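Report on the following structure.
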Amino acid sequence: MKQTIAEKILSEHSKKDVFAGDVCIADLDLIMAQDGTAPLAIKAFEKMGKKRVSHPQKVIFVIDHNSPSPSIGVSQLHQLMRNFVKKQGINFNDVGNGVCHIILPENGYVKPGNLIIGADSHTPTYGALNALAVGMGSTDIAAGLYTGKLWFRVPETIKIILKGELPQGVFAKDVALFLIGKLRADGANYKVIELKGKVIDSLSIEARFTLCNMMVEAGAKSAILEVDEKTEKWLKRHNVKNISPVFPDKDASYSQILEFNLSNLKPQIAKPHRVDNVVPISKMEGKKVDQAFLGTCTNGRLEDLRIAASILKNRKVHRNVRLIIVPGSREIFVNAVKEKLIETFIKAEAVVLPPGCGPCVGTHQGVPAEKEVVISTANRNFKGRMGNPNSFIYLASPATVAASAIKGKITNPSSLFSEK
Ligand code: SF4
């Protein structure tokens, strides 16, 4: 029988042919947890009674959610993580290195064909590099630490073919929001989404990360792309060698095959308080904003900062808006300094924070006031997501966020590109 990419990866890792609906126990290539979830995983692991993590070289912990720590309680949890990684000899990225989903690929941890679990819902980001990457709870992570394996019910796959060419001012984030609007928040529940087509071919690897990252918001267990020349070059640049890309069989069985032509796509906005509450920007233009946020595992990459800087250059953030910018990793921060993007941001009167999740998680930085409106490049706009349940979060691309920060209201970035 013919197989999808997910079926092939799970077959390879469980050493038997498996298909959607089968249950298997599979060897894991990588296990990740961040500071919101690792402490729970450590406690669950210790309760299981085993002294040593089975494959420490395959485990990585990251402190990114509350980075640096805002309170004594969080500092204690960070200390628990630091002590555990020292004792177990596992890989570690402390405060200031950046967001887990950006630094793992950047540091060459992710390979095509890998099976990865992460105690974070946006783990499917790594699917841009042809890995099957799945978000898990802390107890599953503890089981992975214990055995180096985990059980899976093999997911069905939805194939989405994206045709056409993206117009100017329209980016991967707009594509992601458009797809989530179509699929709805539960449209891909427990399924993998395989994305392909001319639009995917045209996207950079950075933009592909954005797309895979966001598919979680349609309920997807994971999202995955095929390897092409761009992927190979990107992996080479990040010191990943000897790759074994996984392609689907021509007649693999899909639960759904969807096709969209995106040549006329407009910038998209997700309105509060659901990511699938998506409208074209024309429906929201003119809505006043109080805060704009550029960053996160969705849109905190160098390409995103470059797009925002191209709009912010020689302009100022509107006097009624705070623009907060968080580079996704130390490497991105360094490159943004070298390329003078940070200078552009500071001259535009934006606030630049150190690499990490920043205001996305709503626990320490950039919490909006009552009834304030935020336009954000993050992946979630749930009530209270940024720390105040009485604020309103609109999701958009880096270009739309930068344009809106300048104008003080939701603004189609295409108008600013053409003003230059
Ligand atoms: Fe989660 Fe936001 Fe951090 Fe991404 S940036 S890992 S969505 S808290």
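The values are calculated or read from the model by the stated rules, or taken from the named source; none is laboratory data. Because the structure is predicted, anything quoted here is derived from the model rather than measured. No Cβ is skipped: glycine too gets one built from the backbone with ideal geometry, and neighbour counts run over all protein chains shown.
Can you find even one residue in segment 397-410 that is within 16 Å of the ligand (Cβ to nearest atom) and aliphatic (A, V, I, L, M)? There is at least one residue in segment 397-410 that is within 16 Å of the ligand (Cβ to nearest atom) and aliphatic (A, V, I, L, M).
Determine if segment 218-230 includes at least one residue that is over 17 Å from the mean Cα position of the chain (by Cα), surrounded by 20 or more Cβ atoms within 10 Å (Cβ to Cβ) and either outside any loop (DSSP other than H, G, I, E, B) or not aromatic (F, W, Y) (or both). Scanning segment 218-230, I find no residue that is over 17 Å from the mean Cα position of the chain (by Cα), surrounded by 20 or more Cβ atoms within 10 Å (Cβ to Cβ) and either outside any loop (DSSP other than H, G, I, E, B) or not aromatic (F, W, Y) (or both), so the answer is no. Among the numbered conditions (1) closer than 25 Å to A218 by Cα; (2) within 16 Å of the ligand (Cβ to nearest atom), the only one that V74 does not meet is (1). When segment 395-409 is filtered for residues that are within 13 Å of K287 (Cβ to Cβ) and surrounded by fewer than 24 Cβ atoms within 10 Å (Cβ to Cβ), the ones remaining, listed by number, are K407, G408, K409.
Scanning segment 278-297 turns up one or more residues that are assigned to a helix (DSSP H, G or I), under 21 Å from the mean Cα position of the chain (by Cα), at pLDDT 95 or above and within 28 Å of V367 (Cβ to Cβ).
Within segment 385-396, one or more residues are under 29 Å from D94 (Cβ atoms) and small (G, A, S).
Within segment 81-102, residues that are basic (K, R) have Cβ atoms under 8 Å from residues that are within 16 Å of the ligand (Cβ to nearest atom) in these pairs: R82/D94, counting only partners at least 6 apart in sequence or on another chain. Could you tell me whether V275 is part of a loop (DSSP other than H, G, I, E, B) and buried (at least 23 other Cβ atoms within 10 Å of the Cβ)? In short, yes. Being outside any helix (DSSP H, G or I), among the hydrophobic types (A, V, I, L, M, F, W, C), within 21 Å of the chain's Cα centre (by Cα) and surrounded by 22 or more Cβ atoms within 10 Å (Cβ to Cβ): is that true of I160 here? Yes; evaluated as a whole, the condition is true for this residue. Confirm whether H101 is within 16 Å of the ligand (Cβ to nearest atom) and within 30 Å of I5 (Cβ to Cβ). Yes; evaluated as a whole, the condition is true for this residue. Of the residues making up segment 32-62, those that are within 16 Å of the ligand (Cβ to nearest atom), of a type in the set (A, V, I, L, M, F, W, C) and in contact (Cβ under 8 Å) with a residue 40 or more places away in the chain are M32, A33, A38, L40, A41, I60, V62. Answer yes or no: is there a residue in segment 113-136 that is free of Cβ contacts under 8 Å to residues at least 24 places away in the same chain and within 16 Å of the ligand (Cβ to nearest atom). Checking segment 113-136: at least one residue is free of Cβ contacts under 8 Å to residues at least 24 places away in the same chain and within 16 Å of the ligand (Cβ to nearest atom). Exactly one residue among D201, D140, D186, D120 is of a type outside the set (A, V, I, L, M), under 30 Å from K43 (Cα atoms) and surrounded by fewer than 21 Cβ atoms within 10 Å (Cβ to Cβ), and that residue is D140. Here Q168 passes the criteria (1) closer than 14 Å to L132 by Cβ; (2) surrounded by fewer than 22 Cβ atoms within 10 Å (Cβ to Cβ); (3) of a type outside the set (A, V, I, L, M, F, W, C) except the one numbered (1). Within segment 316-351, the set of residues being of a type in the set (A, V, I, L, M, F, W, C), crowded, with 16+ Cβ neighbours inside 10 Å and in a helix (DSSP H, G or I) comprises I332, F333, A336, L341, I342, F345. Filtering segment 89-105 to residues that are under 20 Å from G358 (Cα atoms) and surrounded by fewer than 19 Cβ atoms within 10 Å (Cβ to Cβ) leaves F92, D94, V95, G96. Could you list all residues from segment 352-396 that are of a type in the set (V, I, T), within 11 Å of the ligand (Cβ to nearest atom) and either in a loop (DSSP other than H, G, I, E, B) or in contact with a strand residue (DSSP E or B) (Cβ under 7 Å, 6 or more places away or on another chain) (or both)? Within segment 352-396, T363, T377 meet the criteria. Taking the criterion of being over 17 Å from V351 (Cβ atoms) and within 16 Å of the ligand (Cβ to nearest atom), the residues of segment 304-330 that qualify are S329, R330.
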